[in-house]
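Here is the structure we will look at, set down as C-alpha cells.
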Amino acid sequence: MTKQKITIPSLRTFKEKGTKIRVVTAYDYPTALLVDQSDIEIILVGDSLGMVVLGYDSTVPVTMEDMLHHSKAVNRGAKKTLIVVDMPFMSYNISIEDAIRNAGRLVQEGGADAVKIEGGAVVIDTVTAIVNAGIPVMGHLGLTPQTAAQLGGYKVQGKDAAAAERMVTDAQKLEEAGAFAVVLEAIPAPLAELITKKLTIPTIGIGAGVHCDGQVLVTHDMVGFFDRFIPKFAKQYTNISNPMLAAFQQYAKEVADSTFPGPEHSFTMDAELLKRLY
Ligand code: KIV
C-alpha cells in the first residue's frame, strides 16, 4: 500500500484503535527521503541535532536558524510523513508573542506541520497561545534535555510521588491547553502507562516503556552514527559507522596507491587534440 501522510486529528484514532504511532528523528534530506519510504508516521526534527549532528554537548546552543535550516532540508525529502519540529531553547521562553512568532517561522519557513515544546505547567499559556494561533503543538515531559541542568542531569524523572503526581497533572494540563500529543522521556514505564490511560491524546515514549501510544527514537542512536554514548533506552538496529569508516580507509589507501580513480571514473579526450596541447 502506498504511504499516505497522516493528519494531526487522525492521531487520536490511532490511540482509540490501539495502533502504535512510530516516530524517528531526521535532520537532513537523505534521511528524510529514507524515512518517507518507510512505514514511520512522524519525523521529529529534534533539537537533538545539536548533539548528534552539530557536536555540541547539549541541546542548549541550538538556535532558531539551526532548526529552520534542518527543517527545510527535511521538508524537501519528506512528502508523506508528518513533520514535527522542536522549538529550540529560548525560542518560546521569553514571551508568548515571541513564541508564536518563532512557531510561525518553523511552519512558514521551515515547512513544519507542528512544533514541539518542552515543559509542563510553565509552558501551558504558551501552548494555548500557539494552538490558538493555528499551530499544532506536541508537548514533552519527563527528561526535558533543554533544562537537564535544572533536573540534575540526564536522569530518569518522576521517580518520587510528588514528581510523578506533578507529571500526571502537567500532562492533563497540556491536553487541556490543546496539545495534540505528548512525548514522555525517561520516566518509569508504569507512570507512562498511567499517563497514557488518563489522556485522550496520544503519548509518544522514549525511555518510557511499551505502553505509550507511540515511540520515538533518535535516528543516530538507532543506526550507530553517534560516537559519545547510547542511552539505555535506545536500541541500535544497525551500525553504519563501521562500514563508513571502512570506506574512508579504503579510499585513503586507493588514493595513496593510485588505484583510485580508475579508467571507469575518468573522462577521455580526443587523442589529436591532446597531441596538439602537448
Ligand atoms: O530532540 C529530540 O530528538 C527529542 C526526542 C528525544 C524526543 O526531543
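FYI, it's all coordinate maths here, none of it is from the lab. Because the structure is predicted, anything quoted here is derived from the model rather than measured. Every residue, glycine as well, gets a Cβ built from its backbone with ideal geometry; the counts of neighbours run over all protein chains shown.
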Based on Cβ point charges of +1 for Lys and Arg and -1 for Asp and Glu, what charge dipole magnitude is obtained for the stretch 26-92 about its Cα centre, in debye rounded to the nearest 20? 260
Report, as a whole number in µm² per second, the diffusion coefficient that Stokes-Einstein gives for the stretch 20-87 at 25 °C and 0.890 mPa s using the Kirkwood radius over alpha carbon pairs. 208
Protection proxy ranking, peptides 225-237, 241-253, average beta carbon neighbours within 10 Å, highest first: 225-237, 241-253
Which value, in debye to the nearest 20, describes the size of the charge dipole of the chain about its Cα centre when Lys and Arg Cβ atoms bear +1, Asp and Glu Cβ atoms bear -1, and nothing else is charged? 620
Going toward the positive end of the dipole of the stretch 1-150, with +1 on Lys and Arg Cβ and -1 on Asp and Glu Cβ, which of Val53, Thr81, Thr147 do you reach last? Thr81
Roughly how large, in nm² to one decimal, is the mean projection of the convex hull of the alpha-carbon atoms in the stretch 1-49? 4.0
Under 26 Å between alpha carbons - lysine pairs in the stretch 140-242 that sit 8 or more apart or on different chains: 14
Stokes-Einstein D for the stretch 42-178 at 4 °C, 1.567 mPa s, Kirkwood Rh over Cα pairs, in µm²/s? 85
Ranking request for peptides 258-268, 17-27, 145-155: highest mean number of other beta-carbon atoms within 10 Å first, then the rest in descending order. 17-27, 145-155, 258-268
Taking only the alpha-carbon atoms of the chain, the convex hull volume per residue, in cubic angstrom, is 178
Of the peptides 156-166, 173-183, how do they stack up when ordered by the mean number of other Cβ atoms within 10 Å, highest first? 173-183, 156-166
Using the Kirkwood radius over Cα pairs of the stretch 195-273, the Stokes-Einstein translational diffusion coefficient at 37 °C and 0.692 mPa s, in µm²/s and rounded to a whole number, is 193
